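Taken together, the values in this text are just the output of simple stated rules run on the coordinates, not laboratory data. Everything numeric here is computed off the predicted structure, so don't read it as measured data. We place every Cβ from the backbone using ideal geometry, glycine too, and count neighbours over all the protein chains shown.
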Amino acid sequence: MTEKLYLKDMKMKEFDATVVKLDGNSVYLDRTAFYPTGGGQPNDIGKLVFGNGELQIVDVKKDGDDVVHTVQDANGLKEGDSVHGIIDWDTRYAYMKYHTALHLVDAVTIKSFSSNGIMTGGQIYKDRARMDFDMPTLNKELGQQIIDKANEEILNGRRVLVKEISRDEALKIPDLARTAPGRELINRLERVRIVEIEGLDSQADGGLHVDNIKELGKIVLNGYKNNGAHSKRIEIRLE
Ligand SMILES: [Zn+2]
């Protein structure tokens with residue numbers, strides 16, 4: 001099992017590790033700070049420095065309990081080699097900000113506008129994020145009201161905390177997992193990782209986040225699309 005450094009220290013930009021398995025251009029390390037694609041958050045990119053060379057990481061995925069790094073060309077790397085991983089921090093920090101922004105918009109929607117809908121999915125990019133809602137009343141004007149409310153929260157600032165709690169505690173928190181697969185996942189886990197926007201929102205989550213919503217700056221409504229009563233899409237951008 002790969003030790004997942006990114007879950008313990010979300011701000012780790014560099015780390016040392018050992019190559020435990022090599023399969024073509026797929027590199028398995030004993031530990032990694034590279035985030036694998038998951039939960040709407042894209043994988044990190046960056047490089048592995050070793051001996052007198054360096055390898056560009058083009059993809060990072062989960063493989064069971066392991067994390068597999070795909071490099072452009074693993075030629076010259078051997079099992080047992082020591083490597084130094086360097087994460088492309090500009091890209092990662094953008095993903096962290098957009099991930100926290102999605103949680104914030106979701107939280108504000110549930111808290112202030114929720115009587116008629118919920119967020120059903122989201123996708124993060126480096127320069128924007130999109131959210132899908134099952135919310136028949138959602139239109140561009142309501143979308144703007146939700147974003148305005150989220151920006152009020154950003155001005156006040158709230159800490160973002162990551163905790164691990166037991167399954168029993170997790171099952172007592174309403175809305176911790178907002179989808180059926182999320183609830184099933186909690187039922188299978190001994191310990192559940194929780195991302196909390198202090199005083200506003202708690203979600204079971206495996207993603208990476210900023211320390212305080214102040215870091216988000218300002219959220220701008222970048223687009224709205226009506227794909228049917230139960231499928232409304234909002235796109236946001238951070239300024
Ligand atoms: Zn999340």
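So the values come out like this:
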item: Point-charge dipole on Cβ atoms (K/R +1, D/E -1) for segment 1-102, about Cα centre, debye to 20; result: 360
item: Point-charge dipole on Cβ atoms (K/R +1, D/E -1) for the chain, about Cα centre, debye to 20; result: 660
item: At least 27 Å along the helix axis (C-alpha) and Kyte average at least -1.0, DSSP helices within the chain; result: 89-113
item: Local electrostatic count at Leu216 - Lys and Arg +1, Asp and Glu -1, tallied over other residues with Cβ under 10 Å; result: 0
item: Sites Ser114 and Asp148 - FRET efficiency at Förster radius 22 Å, r taken between beta-carbons, to 0.05; result: 0.85
item: Shape category assigned to the chain from the gyration tensor of Cα positions, a/c cut at 1.5; result: prolate
item: Using a Förster distance of 22 Å, the FRET efficiency for Ile186-Thr137 (Cβ separation, nearest 0.05); result: 0.15
item: Test item: Cα-centred dipole of segment 162-201, Lys/Arg +1 and Asp/Glu -1 on Cβ, debye; result: 180
item: Most fluctuating residue given options Asn226, Asn52, Asn156, as computed from a GNM of the chain linking Cα atoms under 10 Å; result: Asn52
item: Local electrostatic count, Glu152, Cβ distance below 15 Å [Lys/Arg +1, Asp/Glu -1]; result: +2
item: For segment 189-239 and segment 89-103, distance of Cα centres in Å; result: 10
item: 19 Å Cα-Cα reach of Lys232 towards lysines, excluding residues that sit fewer than 8 places from it in its own chain; result: Lys111, Lys140, Lys149
item: Computed lengthening from Arg237 to Asn212, 0.36 nm per intervening residue step minus Cα-Cα distance; result: 7.2 nm
item: Potential extension, Asp73-Val49 segment - 0.36 nm per residue separation minus Cα distance; result: 7.3 nm
item: Förster-model FRET efficiency, 25 Å R0, Val220 and Asp90, C-beta, rounded to 0.05; result: 0.80
